[in-house]
Every structure is written in structure tokens, then in C-alpha cells.
1. Based on the Cβ-Cβ distance from residue 18 to residue 53, what FRET efficiency comes out when R0 is 35 Å, to the nearest 0.05?
2. How much length would be gained if the chain were fully extended between residue 36 and residue 7, taking 0.36 nm per residue of separation minus their Cα-Cα distance, in nm to one decimal?
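A short reminder: the numbers here are calculations on the coordinates, not readings from a lab. All figures in this text were calculated on a predicted structure; none of them were measured in a lab. Glycine gets a Cβ as well: all are built from the backbone with ideal geometry, and neighbour counts include every protein chain shown.
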């Protein structure tokens, strides 16, 4: 948990390393209605997060019985030298082993 928090907070060093970046972020936050002190209060709020908080939120919003997994892969082709390399082909969509939820089962 401490490592995750440190990674997020350390990313601020690069994300806001110039006045221009800080100003651009403040403009974006203001546009979306965040409080004026959001950047200053973010660190304190993040430091208060506990494993119990994460567990509570995960139980509220993540429902494994309602998840569906989809994946796709790029096609491959062989080169003249016999090596296999990525080709420029259209992605092929593989069906999910999990059934997708029917429209009537979705909550609106």
C-alpha cells in the first residue's frame, strides 16, 4: 500500500515539474469543477486511504460474477528469412469464454 501511494505521489514530480504544467492542470481541474485547493489537498487525502477503504470500495464496485473478458490479437506472418514477425493485418477478435450480459440484465 505504501509503495502504491509513493508511486502516485512521486509521479507529481514529473507531471508538475514546470509552471506551465501546473497552470494547465489547474485550468483543467477548474473546468471540471474541482475545488481550487485540489492539488494541495490530494496528497493529504491519499495518505489517509487504508486497506480497509480499498476493500470496501472494491466490494461496492467490482462484481466478478458480472465481468466479461474480451481479447484480440494481431495476426503474424513469416518473413523470407523464416523468422516470424508482426504483420500488418486486421486484428482478429476472439470470442470470450464468458457470456456477455444481456441488455436486459444491465442496470441503467
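1. 0.60
2. Extending this stretch completely gives an extra 8.1 nm.
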